[in-house]
Structure formats: structure tokens, C-alpha cells
Amino acid sequence: MDAMYKAVRGTQDVLPADSGKWQYMEQTALSVAQDFGYREIRTPVFEQTALFQRSVGETTDVVQKEMYTFLDKGERSITLRPEGTAGAARAALEHGLLAGALPVKASYVTSCYRYEKPQAGRLREFHQFGVECFGAAAPQADAEIITLAATILESLGVTGVQLHINSIGCPECRAQYHAALKEYFTAHKESLCGTCLDRLERNPMRILDCKSPECAAVAAGAPVMLDYLCDDCAAHFEEVKACLTDAGLSFEVDPRIVRGLDYYTRTVFEFISDALGAQSTVCGGGRYDGLIEELGGAHVPSLGFGMGLERLLMVMEAKGVSFPETPVCEVYFASMGEAAARRCFTLTTKLRQGGVAAECDTVGRSLKAQMKYADKIGARYTLVVGDDELASGTARLKDMATGETEDVTLDDGLYSVLYNKSLDRQLAGMTDLLGEELGGLDGLSGLSL
Ligand code: ATP
Ligand code: MG
């Protein structure tokens, strides 16, 4: 039967069978970021439209054609966030965080909304893991967030991702570059798409970001920003590269990276995967030294990145990365008869209170159907309880993987048996992991401090 309602075009559900993968990605990213000094920030899903127009930039694709903007019942113009930086910056300003000790470091997992053409790796509702670091001007800060993104990808076992970096200078040196770009693109006007003709007037650098093959071909021969950097911007970029090299990160300087949002200055970067086809950027970010002033604050040099979680998951699946086992049912109580069903419910509740994942029948199924269900949900152990077991106070615990059985008592003894089994398993898992970690430590000896 066809479902009467379907998810809106460009949106996607995460079903219970897959949510463990999302939790793993999100928790890994948040916890690595925490090691780098970032703590989570949560901001509203919608903001005043003006905030995004001001920060993302009037001439960007995002503001011009991709925003979900509507009037609320109070006639206020509201926009669903297309990205995470503006809201985080707004919150940091509003709550006076930037007047305190700097840098302020914030991380988030957030949904974003852009009216784009849905395709593989491009959705209208998508999710980002992101970080923002407010009030850090030194090149070490640029290297720090790039290293953070690299460490997250590495911790998740992602391979085949290449780091591309560029500098797009500051407003001063960019003015000269804009003039050069304008001259170049004006000479190639006839090959540009309609949107880019408009960009030529308003913001010629955006043409470098155009996805149309004709524009990309013209852009390939365009002057590059790196040749126009002022001394300060050039020195900053050199230092960022030196820090990345010291940190053992390999990268490619890619003058075509300009990023799609207007607030960037100096360092911009992308992590590009070889497994994604056209939508290959897993993570993009950079420095935005002018944004906080633009939003009415002081001069607070800042930077951040956004990592697309749908794309990250696609890369991990394409690369066959293994995800940790999602917690399964430890023990399933199969019951025969009303009295046994009630006893099983009590036992299940007690075990759950003690932190053991237990299940019992809530459907009123036959014993055979209950056992089938236990198998389907991957229960590690099953226990069948009927009148005989109730009378004797003991039952047979069956290991579903090996078929081995042992008799257990239907009281606190059952809890210790199951608890010890799960402890043994965790210990074995930790020993394996420790073995790997110790092996991994060899890699560290290459790090000379
Ligand atoms: P793209 O090159 O794909 O248009 P972008 O420059 O618009 O990306 P950012 O605004 O920097 O992207 O967002 C950071 C990351 O969020 C991207 O690198 C990508 O992984 C992800 N992302 C951006 N737009 C989408 C989308 N529509 N659907 C899914 N993921 C997206
Ligand atoms: Mg985009």
C-alpha cells in the first residue's frame, strides 16, 4: 500500500535501524571537538531574515535563491537557517560572550535548509557538524580548526579525503583582485551564464564558484587571488601552511576555492572526497574576520567550518567503514501463559532498572512467534518461562549465537549472571581496542616535539 503522505522533496528520514550511525558520527565529532576546547552551542532553527542577508551576503546563491523565508503570523520575516555560523555569531554577540575571555569556541550539530535542486549529496534539509572560534587572529587558529576537521575524519576512519586550502585575502587586497577579475571576465562575457553576468557587476569572485561547465572553463584561466595578497595576508597564509606541515597534515593549495558565503577572509579550505562524484566536498570552512563587525560587534577575528553529515555518511559507507555495533537486546523473556507473562514483565523491568537491556512480549504472541521475534531483534540470550519455571524458580538461559544453555534462578542471581556476561564482553572489547591503541602509538613516535 502506498503511504498517503510522503516526506517533502529534498528531505530524508533517519530510521531506527540507521540512527546508530548518525549518533556515532555526531558523538565522535562532538567529543573530538571537546578535546580541542569546543563546547556545544544550540541556537534556534529560525532567525530574522536580515541576519542571514547581512552575514551570508546579499549576492550569494544562498541568500538570492536558496533561503526558506516566510512571514510569520506577526508579519515578521523569518528564515530557516541555511547554515550555522550566523546564528552562533548572533548568540555570542547577544549574550556578551565576545566581551569575555577570548577565544570563544563553540561546536554544534544542526539541521540546515536550502532550496536547492535535490540530488545525491544535495538536500533541502541537511545536517552539519560545525565549529566556530571567535576572537583568534593568529595563524595557529586556522591550523587548529583544520586539524580538528582532519582529526574528526580520521577518528571516524574516513580515507580518501584530500585537504584543499587557499587564501582569499582581506577587503583591502581583494579590491585590486576584484578589478582584475572583472577585467578578465568582461573579456569572456559571451561564455558566462546569466547568473554570472549579474555576478560580474556585483561580486565577480562568485563566478569562480559557478557550477556551470562553461563558466568553470572560463574561470580556470582567471587571475588567482594568491597573486594579489597583501604582505600581511601572504605572511599569514605562509604561517598557516607551516603549522599544517608541522602537524603532519598534507594539503594542496587550490586557488579555485573561494567558498559560497560572503563573510570569508584569508584562509578558506575544503576536504574533498574521492568517493562522492559531483557533490564531493565533505567539509568547508575558513576565516571570517569581518563578520562580527558586520553584525554590529567589535573587530573579532574568527573562523569555523561546516561538515555535511549526509555526505560524510555517504563517504563512510562507500569506503566500507565499520560502525560500532548498536546496543542490542541482552535478554528476551519468552513466556507461556498469563502468570508467566506477568512475571517476565517484572523481571524485564528489574533488569532494565539495573542497566541490562531486556525485552519481553508486549504483543500477546505464541511462544514460537516470540522466539522468532527474539531472533529478529538480535537478542543475545533468551529465557523461556512457563508454569514449570514459575514453580521451580529456575529457567534455562540460551545463548542465541552458540546455542549453549545454562540454568539460572529467576531472582537477583539472574541479574548478576547477565551483568557479569556483559562485563566480560566489554572487557574483551576494551582489550582489543587497547591492543589497537598501543599499536597506534607507534605512529606517534614519528612526532618530534
Ligand atoms: P556545495 O559546494 O556543495 O554547494 P557549499 O559551499 O554550499 O557546498 P557550505 O555552505 O560551506 O557548502 O556548507 C558546508 C558543508 O555542508 C558542505 O561542504 C557540504 O558538505 C554540506 N552541504 C552544503 N549544502 C548541502 C546540501 N544542500 N545538501 C547536503 N549537504 C550540503
Ligand atoms: Mg552550495
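Listed here are the residues, each with its yes/no results for (1) crowded, with 18+ Cβ neighbours inside 10 Å; (2) closer than 15 Å to P44 by Cβ; (3) away from ligand 2 (no atom under 16 Å from the Cβ).
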{"position": "H95", "(1), (2), (3)": "no, yes, yes"}
{"position": "V104", "(1), (2), (3)": "yes, no, yes"}
{"position": "S107", "(1), (2), (3)": "yes, no, yes"}
{"position": "R124", "(1), (2), (3)": "yes, no, no"}
{"position": "C133", "(1), (2), (3)": "yes, no, yes"}
{"position": "A136", "(1), (2), (3)": "yes, no, yes"}
Sole exception among (1) without any contact (Cβ under 8 Å) to a residue 40 or more places away in the chain; (2) in contact with a Phe, Trp or Tyr (Cβ under 9 Å, 6 or more places away or on another chain); (3) open to solvent by less than 70 Å² (accessible area, probe 1.4 Å); (4) closer than 30 Å to Q34 by Cβ for D72, by number: (4)
Residue list for the stretch 342-357, restricted to those being without any contact (Cβ under 8 Å) to a residue 60 or more places away in the chain and surrounded by 19 or more Cβ atoms within 10 Å (Cβ to Cβ): C344, T348
Answer residue from the stretch 216-233, given it is surrounded by 15 or more Cβ atoms within 10 Å (Cβ to Cβ) and hydrophobic (A, V, I, L, M, F, W, C) and is farthest from A179 (Cα to Cα) among those: C233
What pairs come up if the first residue lies in the stretch 243-263 and is under 10 Å from A143 (Cα atoms), the second is open to solvent by 50 Å² or more (accessible area, probe 1.4 Å), and their beta carbons are under 6 Å apart, counting only those six or more places apart or on different chains? C243/Q140; L244/F251
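Here's the yes/no breakdown for (1) part of a helix (DSSP H, G or I); (2) among the charged types (D, E, K, R); (3) in contact with a Pro (Cβ under 9 Å, 6 or more places away or on another chain):
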| residue | (1), (2), (3) |
| --- | --- |
| G20 | yes, no, yes |
| Y24 | yes, no, yes |
| A29 | yes, no, no |
| V32 | yes, no, no |
| G37 | no, no, yes |
| F52 | yes, no, yes |
| K65 | yes, yes, no |
| F70 | no, no, no |
Scanning the stretch 42-78 for residues that are within 16 Å of ligand 2 (Cβ to nearest atom), over 16 Å from Y288 (Cβ atoms), at pLDDT 95 or above and in contact with a helix residue (DSSP H, G or I) (Cβ under 9 Å, 6 or more places away or on another chain) gives M67
Answer with yes or no whether P213 is under 31 Å from the mean Cα position of the chain (by Cα) and either aliphatic (A, V, I, L, M) or open to solvent by 70 Å² or more (accessible area, probe 1.4 Å) (or both). yes
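The values are calculated or read from the model by the stated rules, or taken from the named source; none is laboratory data. What you are looking at is a predicted structure, and each value in this text was computed from that prediction instead of being measured. Ideal geometry is used to build each Cβ from the backbone, glycine not excepted, and the neighbour counts take in all protein chains shown. Side chains are part of the model used for accessible areas, which takes the heavy atoms of the whole protein and leaves out ligands, DNA and RNA. Shrake-Rupley method; radii C 1.70, N 1.55, O 1.52, S 1.80 Å.
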